[in-house]
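Here's the structure, in structure tokens; my notes come after.
The values are calculated or read from the model by the stated rules, or taken from the named source; none is laboratory data. As the structure is a computational prediction, the values presented were derived from the model and not from experiment. Don't worry about glycine lacking a Cβ; one is built from the backbone with ideal geometry, like all the others, and counts go over all protein chains shown.
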Amino acid sequence: MDVSMRNGRDRIVRIMERPGRWMDEAGLQALTGDLRTIAAKTLDEGSLTYGVFSEDHARLRDTIITLVTLRDGTPIAFNALAVMTLDTRPDPVDVLHLGLVMVDPDQRSGGLSWVLYGLTCFMLFVRNQFRPLWISNVTQVPSVVGMVSEMFSDTWPKPDADRRTLNHVLMARRIMASHRHVFGVGKDAEFDETRFVITNAYTGGSDDLKKTWEQAPKHRDAEYNDFCAAQLDYERGDDVLQLGRMDLPAIRRYLTRTVPKSAVFGVLSAAIFVALQRLILPLFYWLDSTRKFSILRPAKGDKDV
């Protein structure tokens with residue numbers, strides 16, 4: 001998936017699925033350069049060494065990048081959403097990790113949260129033929145904890161959650177066992193299964209993202225602020241691991257509560273384009289027996305054509 005759409009008059013949103021699998025080296029260099037430009041403006045000092053900021057472009061083979069630029073090409077925000085395949089039974093499950101979000105400080109009042117946190121998940125949900133998708137989130141920021149709690153279904157933990165399920169526990173165990181590198185948590189960090197809290201989380205490449213309680217952006221609803229203050233030790237550097245699902249009720253909430261009314265038509269148009277790609281292209285490939293498409297070979301003629 002490689003989809004672009006306008007966001008207001010002056011901004012362009014581009015969603016690139018697994019660019020490490022199809023983008024050439026020059027394109028990957030330009031993309032990582034844009035990400036580093038935004039990071040340099042966001043971090044007062046220090047640098048990040050995990051995920052898309054590692055020297056290994058192979059990380060981009062299982063990452064979905066949402067990049068927001070101005071019309072002149074200046075990068076101003078991004079979300080690096082990682083795809084984690086968990087070894088569950090009876091079948092493996094893909095979990096979309098909301099990943100690292102960064103916004104140029106000069107653009108933080110521009111209403112980009114609905115683009116950076118929900119738009120990509122919505123497009124993937126449509127492309128996945130409206131089958132529910134599991135999402136994960138690792139953060140110590142109360143505003144993000146609240147956003148994830150309100151946007152997605154069956155989220156655990158959150159202040160008003162009924163209970164965790166066995167699926168929550170099993171997936172959290174596998175994430176912590178095999179995918180810590182995705183969110184920059186070191187091997188020495190411990191995981192509290194009762195509270196879903198990662199203690200001493202900032203030792204695996206994400207060190208410069210650690211915030212004090214005063215620095216962490218707060219949510220407009222005090223219950224999320226109180227929840228984070230009670231559950232997390234900000235001096236030590238704790239994170240909460242949230243798991244939830246993108247499903248039809250979550251989509252309804254996203255479109256009616258989160259997406260600005262002026263942007264709903266553009267979002268739905270992009271979703272229709274993604275759906276048509278999923279439905280029409282395979283049919284087109286199947287019916288044309290005279291040309292080679294990827295692993296499909298012509299029914300007649302020279303096999304090397």
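Here are a few things to note about the model shown:
- In the condition set (1) modelled with pLDDT under 80; (2) surrounded by 18 or more Cβ atoms within 10 Å (Cβ to Cβ), TRP286 is compliant with all but (2).
- The set of residues from region 146-166 being touching a Lys or Arg at 6+ places or on another chain (Cβ under 7 Å) and closer than 18 Å to LEU96 by Cβ comprises SER149, MET151, PHE152, SER153, ASP154, TRP156.
- Region 199-237: number of residues that are within 17 Å of HIS179 (Cα to Cα), touching a strand residue (DSSP E or B) at 6+ places or on another chain (Cβ under 9 Å) and of a type outside the set (Phe, Trp, Tyr): 4
- Residue within region 117-135 that is under 25 Å from THR256 (Cβ atoms), surrounded by fewer than 19 Cβ atoms within 10 Å (Cβ to Cβ) and modelled with pLDDT of 85 or more present: yes
- Number of positions in region 55-113 that are without any contact (Cβ under 8 Å) to a residue 60 or more places away in the chain, among the β-branched types (Val, Ile, Thr) and over 19 Å from ILE175 (Cβ atoms): 4
- Total residues in region 144-163 satisfying the condition of being among the basic types (Lys, Arg) and either within 18 Å of CYS228 (Cβ to Cβ) or in contact with a Cys (Cβ under 6 Å, 6 or more places away or on another chain) (or both): the figure is 1.
- Pairs linking a residue in region 246-262 that is in contact (Cβ under 8 Å) with a residue 40 or more places away in the chain to a residue that is among the small types (Gly, Ala, Ser), with Cβ atoms under 7 Å and 6 or more positions apart or on different chains, are ASP247/SER153; PRO249/SER153; ALA250/SER153; TYR254/GLY118; THR258/GLY118; PRO260/GLY111.
Results for (1) surrounded by fewer than 17 Cβ atoms within 10 Å (Cβ to Cβ); (2) touching a Phe, Trp or Tyr at 6+ places or on another chain (Cβ under 8 Å); (3) closer than 23 Å to ALA30 by Cβ; (4) modelled with pLDDT under 90, shown as yes or no for each residue.
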site	(1), (2), (3), (4)
PRO92	yes, no, no, yes
VAL101	no, yes, yes, yes
ASP106	yes, no, yes, yes
TRP114	no, yes, no, yes
PRO142	no, yes, no, no
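- Scanning region 71-94 for residues that are in contact with an Asp or Glu (Cβ under 6 Å, 6 or more places away or on another chain) and within 21 Å of TRP114 (Cβ to Cβ) yields a total of 3.
- Region 239-265, residues that are outside any helix (DSSP H, G or I) and either surrounded by fewer than 18 Cβ atoms within 10 Å (Cβ to Cβ) or modelled with pLDDT of 90 or more (or both): ASP239, VAL240, LEU241, GLN242, LEU243, GLY244, ARG245, MET246, ASP247, PRO260
- Some residue of region 203-223 being in a helix (DSSP H, G or I) and more than 21 Å from the chain's Cα centre (by Cα): yes
- Where VAL145 falls short, out of the listed (1) under 30 Å from SER269 (Cα atoms); (2) among the β-branched types (Val, Ile, Thr); (3) touching a Leu at 6+ places or on another chain (Cβ under 8 Å): (3)
- Hits in region 1-32 - residues which are in contact (Cβ under 8 Å) with a residue 60 or more places away in the chain, part of a strand (DSSP E or B) and of a type in the set (Lys, Arg): ARG6, ARG11
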